[in-house]
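Every number here is computed from the coordinates shown, using simple stated rules; none is lab data. As the structure is a prediction and not an experimental result, all values here were calculated from the model. Here the Cβ is made from the backbone with ideal geometry for all residues, glycine too, and neighbour counts use every protein chain on show.
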Amino acid sequence: MSSTVLAAILLITMALVYQFGLLRSKRLSSNIDRGGMHSRPVYHATWLAICCAVPGLLLLFLWSLLEPMIIRSIILSAWPEALSGPQETARVVFMRRIEALSSGQGLTGDISAVEQQAAAQLTQLKTYSAMAKTALIALVSAAGLFLALKRISTSFKARHYVEHVVRGLLLLCSATAIFTTIGIVLSMVSEAFHFFTFIPPTDFFFGTKWSPAFSSTDTSHGEYGLLPLLWGTFMVSIIAMLVAIPLGLMTAIYMAEYAPTWFRNTAKPIIEVLAGIPTIVYGVFALIAIGPFFAAAGELLGIQVRATSALTAGVVMGLMIIPFVSSLSDDIITRVPQSLRDGSLGLGATRSETIRQVVLPAALPGIVGAFLLAFSRAIGETMIVVLAAGNSPQLHANPLEAISTVTVSIVNQLTGDTDFAGPQSLVAFALGLTLFVITLVLNVIALYVVRKYREHYD
């Protein structure tokens, strides 16, 4: 039985046990003449469900984690004569072939008798493992349910135990997010340091030429100057913000201050739909519509404009960011107390003067924070710039020409066969680490601005 099926069965069993525990606890509480139960029946039912399903799910997780390694070691130790060539490569190739044979997939080339026997053994081991896994999980779940049932009584503090489990689950979720972030950062840092063993950091951070050399020898690594990519990233992001900030802020002001309720309730969800459109769609839209439009407009004006340029990518990215700016700014503006508006209007100010001199200054810290968060979102965008910015890592200030960004270069360096043994592939981690630091700094600045200058109202 597969792990997915077992997990589904455990969850269904958990729901059934919950209902059983709820009925049993209610029956127990109804038979009490005096006093009462320490915990409500729902806590007793939840405790029974936890004791029944959670140990089985934990065992299933550990089994799924350890099973492939154990089976692999048994197979490789049983058939050492099948391994020829470099040890690790031979092991990987051998295991892939017998796994394909075991699953019924076709193989290219001749199939040896050893591979057939190993595939049969692999099938047998998987069968035994599935049987043992199912039996052991059933035993553990039944034992957990039995022990939990024995503790169910009027004085059992089920609520405390359930709260401890929930608190532990919340801690586990938080730790998972934290350790995932730490793991990502450490992986980038380690591989980036490996890259700097090939290319000096000064050549990377202060170099003005980007020309990676994909060579099978170590004699020519190419040039890995970050500045053209960094300049292209900031150029596209600045163009995007020049589009998104005015449109997004004006949209937010109209929605918060001028729009009637029926129009706001209709238009705001429509605007926020833009945030849910996949970025690849924006990239295709820029490639087939916006880019040719700018090129045609440039011809009418006597200006040479490339269809794939920093301008095309920036404008389309700005359209994508508008919902972020407008939604965040709208929420911030609407949180300004109505009493400030009423006081300004009562002193004789017009609505526009009230917005300029009262509402916007009060909401300015949050709006600036929204702008910085949107800017960090623009810096990390990938698909739009891959399709619309071109791939010209040149250090120039002409937005009408093609440009390359950090994300475009990461995609290019990780496209195709990569062995992560040379700077051609490892540079992607150095670029990713640089982008991570930039976005982290922008987010920290945004949070600092919001917290420092946030207005508190009664």
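Can you name every residue in segment 264-287 that is closer than 10 Å to Pro323 by Cβ, more than 19 Å from the chain's Cα centre (by Cα) and not hydrophobic (A, V, I, L, M, F, W, C)?
Those that are closer than 10 Å to Pro323 by Cβ, more than 19 Å from the chain's Cα centre (by Cα) and not hydrophobic (A, V, I, L, M, F, W, C): Lys268, Glu272.
Criterion first (among the basic types (Lys, Arg), over 23 Å from Ile12 (Cβ atoms) and in contact (Cβ under 8 Å) with a residue 60 or more places away in the chain) does Lys157 satisfy it? Steps first, answer last, please.
Working: among the basic types (Lys, Arg): yes; over 23 Å from Ile12 (Cβ atoms): yes; in contact (Cβ under 8 Å) with a residue 60 or more places away in the chain: yes.
Judged against the criteria, Lys157 is a match.
Is it true that Arg167 is surrounded by fewer than 14 Cβ atoms within 10 Å (Cβ to Cβ), part of a helix (DSSP H, G or I), of a type outside the set (S, T, N, Q) and over 21 Å from the mean Cα position of the chain (by Cα)?
Details: surrounded by fewer than 14 Cβ atoms within 10 Å (Cβ to Cβ): yes; part of a helix (DSSP H, G or I): yes; of a type outside the set (S, T, N, Q): yes; over 21 Å from the mean Cα position of the chain (by Cα): yes.
Yes; evaluated as a whole, the condition is true for this residue.
Could you tell me whether any residue of segment 289-300 is aliphatic (A, V, I, L, M), part of a helix (DSSP H, G or I) and surrounded by 21 or more Cβ atoms within 10 Å (Cβ to Cβ)? It would help to see each step written out before you state the result.
As a first pass, look at segment 289-300 and keep what is aliphatic (A, V, I, L, M): 289-290, 295-297, 300.
Retained after the next criterion (residues that are part of a helix (DSSP H, G or I)): 289-290, 295-297, 300.
Keeping just the survivors that are surrounded by 21 or more Cβ atoms within 10 Å (Cβ to Cβ) gives none.
No, because not a single residue in segment 289-300 is aliphatic (A, V, I, L, M), part of a helix (DSSP H, G or I) and surrounded by 21 or more Cβ atoms within 10 Å (Cβ to Cβ).
Restricting segment 303-319 to residues that are among the hydrophobic types (A, V, I, L, M, F, W, C) and outside any helix (DSSP H, G or I), which is nearest to Ala374 (Cα to Cα)? It would help to see each step written out before you state the result.
Step one: of segment 303-319, the residues among the hydrophobic types (A, V, I, L, M, F, W, C) are 303, 305, 307, 310-311, 313, 315-317, 319.
When the remaining residues are screened for being outside any helix (DSSP H, G or I), the result is 303, 305, 307.
Details: Ile303: 31, Val305: 27, Ala307: 25 Å.
Once the filter is applied, the top-ranked residue is Ala307.
Here are some residues: Ile137, Ile178. Which one is within 35 Å of the chain's Cα centre (by Cα) and loosely packed, with under 13 Cβ neighbours inside 10 Å? First the steps, then the outcome.
Numbers: Ile137 fails: loosely packed, with under 13 Cβ neighbours inside 10 Å.
None of the others qualify; the one that does is Ile178.
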